Amino acid sequence: MTVTTLENIGKELGSVLKEAAKKNEKFVAGELTRFPDKLKTAAIAYYPETGLKRRSGNLIRSIKGFFRKDGTDSYTIGLVAGGEVAKYARIQHEGGTTRPHIIRPRVAKALRWYGGGRTKGGKVSKAKGNVFFAKSVNHPGSHIKAKRYLIVPLVDKTKQLIKDLLKGIGL
């Protein structure tokens, strides 16, 4: 078994599924329909190891496992994250950069933050106790490092699924 990357997961899983379906269709179908929930659970469990900070929990809530039978012998299984709940899911997973942009308050009249920033005189303040207010702030953009929070659980759980399928059908 050579399931180590996303590229060969599909090939290995496809060949095992074809063999398994010939021997015990009900067992295979039952294992596959439960598999997306196992994937989602694995992704959530792996989340702390990725270095992602959990602030609102929206990214975790947006993770969904899916299972689709594409044809007679073809299945698609995977994990997705994002949507309207966490539009930032893709850039957190794959990494990337954001352009410079202006941050404005949505509800309040001004932004407020503590710590470093520029004082009224234009000097940079490092004091953590200072409170700053502004109508808007120019954000310089960000470079976000890739945190592959979906790939590791997908690879690990798929290895386990293949082992379970082979064991379940007696191969």
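The values are calculated or read from the model by the stated rules, or taken from the named source; none is laboratory data. Computed from a predicted structure; not experimentally measured. For neighbour counting, all protein chains shown are included, and Cβ atoms are generated from backbone atoms with ideal geometry for every residue, glycine included.
Results, tabulated for the structure shown:
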| read-out | value |
| --- | --- |
| Given (1) part of a loop (DSSP other than H, G, I, E, B); (2) modelled with pLDDT of 80 or more, number of the condition Thr72 does not satisfy | (2) |
| Residues of segment 120-152 classified as in contact with a strand residue (DSSP E or B) (Cβ under 7 Å, 6 or more places away or on another chain) and at pLDDT 75 or above, total | 13 |
| Scope segment 75-93; condition hydroxyl-bearing (Ser, Thr, Tyr) and at pLDDT below 80; matching residues | Tyr75, Thr76 |
| Arg104 at pLDDT 70 or above and assigned by TED's automatic domain parsing to the domain that holds Val152 | no |
